[in-house]
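The values are calculated or read from the model by the stated rules, or taken from the named source; none is laboratory data. Keep in mind that this is a model prediction, so the values were computed, not measured. All Cβ positions, even for glycine, are placed from backbone atoms using ideal geometry, and neighbour counts span all protein chains on display.
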C-alpha cells in the first residue's frame, strides 16, 4: 500500500491509498541484481589489481628492454662488468655511501625520495641477472629521480659515466692493494732484521770465547788469557797469522 500524490487534492479526506506492492517488489529485485553485479565487478577489479602490478611511474619491463637496446649501441658496452668490487655492483655500493642512510637498499632509497618508485623499479627489473638490468639499477643509483630522463634521452652518456666510475673504482682498489703490498713488504723486512739481530750472537761473548773465557770474566783474566794465546799464535813464533789477528781484534773489543 502507498500514497499516490496524483490523486490527492486539498480539502480531501486524507491522502488516497493505492496498492503497488508488486511494483515495489519488482524494483527491489532489480536493485538486488544490480548490487550483485557491482560486487562481482569489484571482485574482478581487485583480483586484476593483485595479479598485474600497477606502473604508476611508467617503469615497465618493456621500457627497461628499450633502455638496454639503446645502451648496447655504445662501442664499449661489453666492457661494463657486473660483479664487485670494481663492477656495477661496486659502483652502486660506492654511491650508497653518500645517501642519507647508507643502510637502505636502492629500492628503499628510491621509495623514500618518491613513494612507489623503488618498488616499481624492482618489479620492472624482475628476472635473471644481466648487464642491462644492473646498468639500469646503477643509473638509478647515480641519477636518482632523473634516471628515466637520462636513460631515455642520453643512454650512451649513461654508459660512458658508468664506465668512467668503474675505471676510477678499479684504480683506487689497485692503489690500495699496491700500498698494502708495500706496507707488508716493509713490515716483513723490519721483522726479518729484528729476527736476525735477535739471532746474531753478542760480539763481546764471541770475543770472550776466542780467549777461552766465560761471560763475566774480569779485566785481569782477559789480559792473562791474551798473553798466553798471543805467544801460541804469534807469527814470529810459528803461529797462524790469521788466528793472531782475530785474537787481537777480540782483545781490543773487550778492553776498548
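Yes or no: region 38-49 includes at least one residue that is at pLDDT 90 or above and either more than 15 Å from residue 137 (Cα to Cα) or exposed (fewer than 13 other Cβ atoms within 10 Å of the Cβ) (or both).
No, region 38-49 has no match at all.
Within region 107-129, which residues are in contact (Cβ under 8 Å) with a residue 40 or more places away in the chain and either crowded, with 19+ Cβ neighbours inside 10 Å or more than 18 Å from the chain's Cα centre (by Cα) (or both)?
114, 116, 117, 120, 121, 123, 124, 125, 126, 127
In region 217-255, which residues are in a loop (DSSP other than H, G, I, E, B) and at pLDDT 80 or above?
If the condition is that a residue be in a loop (DSSP other than H, G, I, E, B) and at pLDDT 80 or above, then 217, 218 are the ones that fit.
Looking at this structure, is residue 8 surrounded by 10 or more Cβ atoms within 10 Å (Cβ to Cβ) and modelled with pLDDT under 80?
Yes, satisfied.
Search region 72-106 for residues being part of a helix (DSSP H, G or I) and either farther than 21 Å from residue 159 by Cα or touching a residue at least 60 places away in the same chain (Cβ under 8 Å) (or both), and hand back the single one that is farthest from the chain's Cα centre (by Cα).
The selected residue is 77.
I'd like to know if region 61-71 contains one or more residues that are in the same structural domain as residue 139 (by TED's automatic domain parsing), modelled with pLDDT of 85 or more and not in a helix (DSSP H, G or I).
Looking for residues that are in the same structural domain as residue 139 (by TED's automatic domain parsing), modelled with pLDDT of 85 or more and not in a helix (DSSP H, G or I), one finds none in region 61-71, hence no.
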